[in-house]
Amino acid sequence: MECHRLTCQACGSRRMNTVLLRDADEKLVVICADCHEFVARWLLSSHGYYHEGKSFDSYLRSLERAGEAPTGRNLQAHFERLQKEARSDFKLALKQLQAEGKDF
Ligand SMILES: [Zn+2]
């Protein structure tokens, strides 16, 4: 596992603002919070988005907005797996940063 913190190539800052762009795809655009330069962009995989504190209904709406009609009775189970994985990834990232002596 690799764990990288983003660094602005323009000013060296690690303070970032993250923007979710939604059209046919969902993309994350990261902007430097200090100099406002573009830092990075990710294309999110389908069904991969998870937002802590948002409900299953919110998850369903995000699928609908992405043009994916929520079907299948396993969707609630998928959401619960996604939630578990996302929380686990968050903890793993914190642990990895700590192990590498990196603040965030
Ligand atoms: Zn910057």
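Are any residues in segment 3-50 aliphatic (A, V, I, L, M) and under 26 Å from ALA77 (Cα atoms), and if so, which ones?
Going residue by residue through segment 3-50, those that are aliphatic (A, V, I, L, M) are 6, 10, 16, 19-21, 24, 28-31, 33, 39-40, 43-44.
Once the filter is applied, which keeps residues that are aliphatic (A, V, I, L, M) and under 26 Å from ALA77 (Cα atoms), segment 3-50 yields LEU20, ALA24, LEU28, LEU43, LEU44.
Say whether the condition of being in contact with a Phe, Trp or Tyr (Cβ under 6 Å, 6 or more places away or on another chain) and either among the aliphatic types (A, V, I, L, M) or at pLDDT below 90 (or both) is met by at least one residue in segment 50-60.
To start, the set of residues in segment 50-60 that are in contact with a Phe, Trp or Tyr (Cβ under 6 Å, 6 or more places away or on another chain) comprises 56, 59.
With either among the aliphatic types (A, V, I, L, M) or at pLDDT below 90 (or both) added as a condition, the list becomes 56, 59.
Yes, the conditions are met somewhere in segment 50-60.
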Looking at ARG5, ARG22, can you tell me which residue is surrounded by 11 or more Cβ atoms within 10 Å (Cβ to Cβ) and within 16 Å of the ligand (Cβ to nearest atom)? ARG5
List, please: which pairs have Cβ atoms under 7 Å, are six or more places apart or on different chains, and start with a residue in segment 7-34 that is closer than 18 Å to TYR50 by Cα and end with one that is more than 9 Å from the ligand (Cβ to nearest atom) and polar (S, T, N, Q)? LEU28/THR18; VAL30/THR18
Of the residues in segment 42-59, how many are within 14 Å of LYS84 (Cβ to Cβ) and outside any loop (DSSP other than H, G, I, E, B)? 2
Please determine whether any residue of segment 64-74 is among the aliphatic types (A, V, I, L, M), surrounded by 12 or more Cβ atoms within 10 Å (Cβ to Cβ) and without any contact (Cβ under 8 Å) to a residue 40 or more places away in the chain. no
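The values are calculated or read from the model by the stated rules, or taken from the named source; none is laboratory data. Quantities reported herein were computed from a predicted structural model and do not represent experimental measurements. Every residue, glycine as well, gets a Cβ built from its backbone with ideal geometry; the counts of neighbours run over all protein chains shown.
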